Amino acid sequence: MNAGVESRKPDRRARSGAGWGLKLAAWGGLFFMHAPILVICMYAFNTEQSAFSFPLQGFTLEWFGAAWAREDVRAAIWLSLKIASLATLIAMALGTLAAAALYRRQFFGKEGITLLFILPIALPGIVTGIALLSAFKLVGMQSGVLTIVIGHATFCIVVVYNNVIARFRRTSQSLVEASMDLGADPFQTFRYVILPNIATALLAGGMLAFALSFDEIIVTTFTAGTERTLPIWLLNQLSKPRDTPITNVVAMGVMLLTMLPILGAYYLTRDTDSVAGSGK
């Protein structure tokens, strides 16, 4: 009896050691991923203007006011919000319709169509950007806000589609059949039965699509023309070292604005098995 107890003690110590090793690896991974973000956030409050300096020279909030006072920053923020909102609305409409059309319908070529729907988010952004630029030139469309919205909508649709079709698969078909048996037409069935069941997944997909569009830069570079969204403004600021504090403030603002809808989408879908989509 005592021998059995003693033989289990080394196993417990081994498991405890392995547990600490996994915890250290997890914390190390988190630090590796988020250390650059912490650096940006710290230097947004630094009193030094010209460049990064360590240790920090002091604490100040003046760069937040200076950033908001700049007309080019406000214009870039407004343009990015407008483009992300339009792209999200298009993605929510088309993504929901596509999910409804492909759900529970079997026909020749369905798998191929499904693959084509998810392909835009799987392709490298530079490939998508070049393809869109060539298509716009072919039809004679000038680069501007409309081309950016179309470009963003191509991959935002995938996020909404993934969320909605996952929820469709979890919706009991008996509810739809019962609604039809009670005399409801397809529109009433969609409004009173289907829509309440997919509402949270649709909203979560819209939030993720908004975040994805707001900070997108690769496709935007090919489709923007002379327009300057917030990510493109940040890219251009890299050549202006004296604006480093303002650049850090704007970068931190972009992180916060994209983090909020992602957290919202997570909390909307955390108690379900729906697919949350993926980033580009």
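Read the figures in this text as sums done on the coordinates, not as results from a lab. Source: prediction; values computed, not measured. FYI the Cβ positions are ideal-geometry reconstructions off the backbone, even for glycines, and counts take in every protein chain you see.
Please report PHE136, PHE108, PHE59, PHE214 as a ranked list, fewest other C-beta atoms within 10 angstrom at the top and most at the bottom.
Details: PHE136 20, PHE108 6, PHE59 9, PHE214 23.
With the sparsest Cβ surroundings first, the list reads PHE108, PHE59, PHE136, PHE214.
What ranking do 33-42, 92-101, 114-123, 148-157 get when scored by the average of other Cβ atoms within 10 Å per residue, highest first? Mind showing how you got there, number by number?
On the way: 33-42: 12.0, 92-101: 19.0, 114-123: 15.0, 148-157: 25.6.
With the highest mean Cβ count within 10 Å placed first, the list reads 148-157, 92-101, 114-123, 33-42.
Going through segment 79-165, which trypsin sites (Lys or Arg not before Pro) have at most 13 other Cβ atoms within 10 Å and a DSSP loop state?
ARG104, ARG105
Just need the Rg to Rh number for the chain, please, alpha carbons only, Kirkwood Rh.
With Rh from the inverse mean 1/r over Cα pairs, Rg/Rh is 1.10.
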